[in-house]
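The values are calculated or read from the model by the stated rules, or taken from the named source; none is laboratory data. A quick note: this is a predicted structure, and the numbers were derived from the prediction, not measured. Glycine gets a Cβ as well: all are built from the backbone with ideal geometry, and neighbour counts include every protein chain shown.
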Amino acid sequence: MGSRWGLLGPVGRRRMSFLLLLPLLCPAALSETIRYTIPEELARGSVVGNLVKDLGLRDLPTRNLRVSAEKKFFSVSTENGDLLVIDRIDREQICGKKSTCVLEFEMVAEKPLNFFHIAVAIQDINDNPPTFNRNITELEISELALTGATFALESAQDSDVGVNSLQQYYLSPDPHFSLNQKENPDGSRYPELVVKAPLDREEQSCHYLVLTAVDGGEPARSCTTQIRVVVVDANDNPPVFTQDTYRVSVRENLPVGSSVLRVAATDLDEGSNAEITYAFINIGKAVRQLFKLNSKTGELSIGGGLDFEEREHYIIGVEAKDGGHHTAHCKIQIDILDENDNAPDITLDSESKHIREDVELGTVVALIKTHDLDSGFNGEILCQLSGSFPFKIVQETKNTYKLVTDGALDREQTPEYNITITATDKGKPPLSSNRSVIFNIADVNDNAPIFHQASYVVHVAENNPPGASIAQVSASDPDLGPNGHVSYSIVASDLEPRALSSYVSVNAQSGVVFAQRAFDHEQLRAFELTLQARDQGSPALGANVSLRVLVDDRNDNAPRVLYPALGPDGSALFDTVPRAAQPGYLVTKVVAVDADSGHNAWLSYHVLQASEPGLFSLGLRTGEVRTARALGDRDAARQRLLVAVRDGGQPPLSATATLLLVFADSLQEALPDLSERPAPSDPQAELQFYLVVALALISVLFLLAVILAVALSLRRSSSPAACSCFQTDGVCSKAGPGLSPNYCEWTLPYSYNLCAASRSSKAEFKFLDINPENAPPQDLLCNEASWFESTSNDNPKMTSDSVHLQQVSYFKILSSHKYD
Ligand SMILES: *[C@@H]1O[C@H](CO)[C@@H](O)[C@H](O)[C@H]1NC(C)=O
Ligand SMILES: *[C@@H]1O[C@H](CO)[C@@H](O)[C@H](O)[C@H]1NC(C)=O
């Protein structure tokens with residue numbers, strides 16, 4: 001460019017110099033000022049003008065032309081006197097905003113030394129674009145800004161002057177904004193943003209605009225800046241709930257604090273204008289306690305125990321409020337779902353806690369009612385008994401049942417039932433409840449007393465003390481109270497019913513059997529009682545048991561000699577022995593009886609005294625007297641044997657008998673011997689003899705008196721049927737009830753039936769006392785009785801005169817035959 005400028009320079013310069021310098025030449029001629037005009041920013045070396053020519057200088061090399069200035073932009077070519085640019089000339093730097101810019105300096109010439117004034121005017125070129133201070137400008141405009149509102153924008157700067165300075169602003173097209181250009185008082189321009197259409201932050205919160213500044217240069221230069229318009233929010237939107245009505249189902253047993261649902265309202269505004277708080281509206285205090293609403297989050301949670309059974313639905317109003325005054329409303333419908341949270345309830349009704357043990361099957365003993373607050377399956381109940389009982393539950397209606405007996409009750413086995421009734425609902429999981437009831441089984445007299453033994457047998461030794469306890473029976477009765485209170489009695493026996501009480505008695509309470517008298521084995525061997533145990537129920541129940549009392553023998557009877565007996569006058573009878581009797585001849589037999597039995601009645605015979613020892617022998621067991629040798633010449637014709645009869649008891653009892661034996665060939669021969677009573681050899685025997693005689697005499701007199709009295713009363717009596725047996729002084733005996741005919745002891749190979757019709761025998765034999773009035777006649781052996789009758793009337797003395805062996809009573813006589 002320098003070169004172009006240099007080539008074209010002289011032409012342009014001349015023309016310009018002419019135009020400009022003409023008016024100046026005159027003063028210049030005066031002051032010698034040379035003026036040039038150059039554009040700024042010429043390249044170094046560019047020629048401004050030719051000073052030699054313009055100053056009219058000759059002889060250039062000698063003049064030593066040079067530039068004199070503080071700052072040198074120019075120099076002079078020493079060859080041709082051209083004024084050259086030697087430094088950058090920036091008009092804006094040198095002159096700033098001045099509209100004209102002139103550089104003035106002097107040229108110094110020597111020989112002669114002279115000044116030449118030079119003024120170089122610098123012309124502006126469009127070398128600077130307009131500039132904005134910032135690349136981005138941020139602007140906040142409320143969304144409520146009215147249409148036409150203006151907002152000043154920063155202006156751009158352009159250091160060029162004149163037409164090169166900033167001329168126009170342009171705004172990128174935008175529906176909401178337009179641009180106004182305003183002029184400052186100094187003439188500079190600034191842009192203004194105009195709101196062309198209403199703003200809505202909710203629609204567009206930010207607008208991006210581009211502002212362009214353009215200068216008037218040729219070519220024009222421009223710059224841009226971004227403008228960010230932020231639409232500031234205004235509370236122009238109310239909150240809005242996402243739903244008008246929220247609906248939720250909630251289980252009734254949700255724990256406190258559980259979240260149920262969340263209501264949400266939105267607000268298109270922002271900041272505090274969009275800060276929503278939630279609150280209940282129009283709800284009661286009770287409901288307010290059941291639910292909690294988080295005012296910030298809108299979360300609804302459980303605040304108290306929900307109970308389906310109390311209320312099934314709730315409708316709650318909620319209000320949302322933003323930072324301003326806008327509100328919105330919604331409803332929450334809460335449906336409570338039933339949970340199985342209620343156990344069934346059991347109500348029991350019974351007439352009495354006591355059930356008789358004999359109640360019929362199916363008797364209703366209690367009414368049961370169940371109740372469950374829950375609904376549906378949760379409230380359906382199954383009622384049953386836990387455990388096995390003789391009871392069952394019968395369903396009556398949906399919720400009522402009957403407890404009925406379903407088996408036999410036995411108080412003695414189970415006196416009490418603790419019945420547990422369980423009601424279970426059909427919820428998941430099921431709930432159940434129990435109810436216990438205790439039934440006492442009332443006693444009924446359904447058990448008879450039971451004896452501890454099937455039968456009792458006791459042995460009682462005879463001659464027991466009257467009043468002694470001989471046995472005890474006992475029975476038990478499992479019933480209660482009077483039903484189980486047992487008392488004893490004797491209901492039957494094989495004893496004479498009237499005499500029974502004189503034999504035995506039983507203590508009603510203890511069952512102890514007492515003997516009422518001393519028993520006599522010889523009279524009563526055994527007897528049997530039927531004892532009854534009876535409770536005191538109504539009706540009473542009883543049981544029988546047999547008690548067999550065996551009267552055991554004691555050796556209380558001495559043997560009694562039946563033969564030989566004393567004569568009626570107390571003299572002994574005699575037996576005759578033929579003189580020629582061979583040894584072993586059976587002379588006689590001592591016959592004795594013992595009322596006892598067994599060993600106590602096992603008799604043995606012993607010779608105590610003999611006038612001629614060795615002449616006779618005596619069978620130890622038989623009592624048979626036999627000749628031991630032939631009668632000698634020196635032996636006396638009359639012999640006497642004293643025989644002792646002893647039984648086998650412990651201690652033994654004994655009796656004696658005297659045998660008179662006369663050796664004679666005929667009775668006549670013997671009689672004189674008899675009349676010739678041998679004088680008692682010793683005074684002892686004599687005394688005995690007299691005693692016997694006296695006793696016999698007294699007996700005869702007494703007997704006579706008795707017979708007389710009986711005969712007299714008989715004659716007066718009109719009852720000839722009375723057994724005469726008792727009208728005599730003879731005593732009849734009958735075997736005791738326990739002594740059956742087949743009652744044989746090992747000591748008794750056979751038995752004799754004897755009737756000893758002697759008054760002396762009366763003292764030694766004990767007979768059963770039988771009163772004529774209560775003894776049936778057939779009980780007597782009446783063939784013998786009639787014999788007595790016939791003889792007693794004819795010869796009352798007959799019985800006392802002789803001894804008769806009769807079959808009247810059972811007496812056991814030990815026979816010597818067995819033991820021979
Ligand atoms: C009855 O039975 C129930 C359950 O087994 C028990 O809890 C209760 O104590 C019993 N009652 C009596 C009095 O034994
Ligand atoms: C017991 O014996 C009495 C008298 O013999 C009789 O009446 C009664 O029926 C008997 N009782 C029983 C249970 O056998």
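Conditions (1) more than 30 Å from A601 (Cα to Cα); (2) within 16 Å of ligand 2 (Cβ to nearest atom), marked per residue:
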| site | (1), (2) |
| --- | --- |
| K428 | yes, no |
| L431 | yes, no |
| Q453 | yes, yes |
| V460 | no, no |
| N464 | no, no |
| G484 | yes, no |
| S487 | yes, yes |
| A492 | yes, yes |
| D520 | no, no |
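Where strands (runs of 3 or more DSSP E) fall wholly inside the range 614-659, no range has 2 or more residues that are aromatic (F, W, Y). Inclusion of L268 among residues that are in contact (Cβ under 8 Å) with a residue 12 or more places away in the chain, within 24 Å of N378 (Cβ to Cβ) and not in a helix (DSSP H, G or I) is not warranted.
Answer yes or no: is there a residue in the range 423-435 that is more than 34 Å from the chain's Cα centre (by Cα) and of a type in the set (K, R). No, that holds for no residue. When you look at A543, is it within 60 Å of the chain's Cα centre (by Cα) and part of a strand (DSSP E or B), yes or no? So A543 passes the test. Could you list, in sequence order, the residues of the range 97-126 that are out of contact with any strand residue (DSSP E or B) (no Cβ under 9 Å at 6 or more places or on another chain) and free of Cβ contacts under 8 Å to residues at least 40 places away in the same chain? P112, L113, listed by residue number. Of everything in the range 442-491, what is part of a strand (DSSP E or B) and in contact with a helix residue (DSSP H, G or I) (Cβ under 9 Å, 6 or more places away or on another chain)? Give them in sequence order. Within the range 442-491, S476, I490 meet the criteria. Taken across the range 64-72, residues that are without any contact (Cβ under 8 Å) to a residue 12 or more places away in the chain, on the phi > 0 side of the Ramachandran plot and assigned to a loop (DSSP other than H, G, I, E, B) do not occur at all.
Selection of first residues in the range 31-58 that are in a strand (DSSP E or B) and of second residues that are acidic (D, E) and at pLDDT below 90, restricted to Cβ pairs under 9 Å at least 6 apart or on distinct chains, gives the following pairs, ordered by first then second residue: T33/E104; I34/D54; Y36/D54; P39/D124; V47/D82; V48/D82; G49/D82; N50/D82. Remark: L524 falls outside the filter, which requires a residue to be on the phi < 0 side of the Ramachandran plot and outside any loop (DSSP other than H, G, I, E, B). In the set (1) within 16 Å of ligand 2 (Cβ to nearest atom); (2) within 19 Å of the chain's Cα centre (by Cα); (3) charged (D, E, K, R), D477 fails one condition alone, (2). Of a type in the set (K, R) and modelled with pLDDT under 90 - does that describe any residue in the range 257-273? No, the range 257-273 contains no residue that is of a type in the set (K, R) and modelled with pLDDT under 90.
Residues considered: S510, S505. Of these, the only one that is outside any strand (DSSP E or B), in the same structural domain as A540 (by TED's automatic domain parsing) and touching a residue at least 12 places away in the same chain (Cβ under 8 Å) is S510. Scanning the range 425-477 for residues that are more than 16 Å from ligand 1 (Cβ to nearest atom) and in contact with a Pro (Cβ under 6 Å, 6 or more places away or on another chain) turns up D425, N447, A475, D477.
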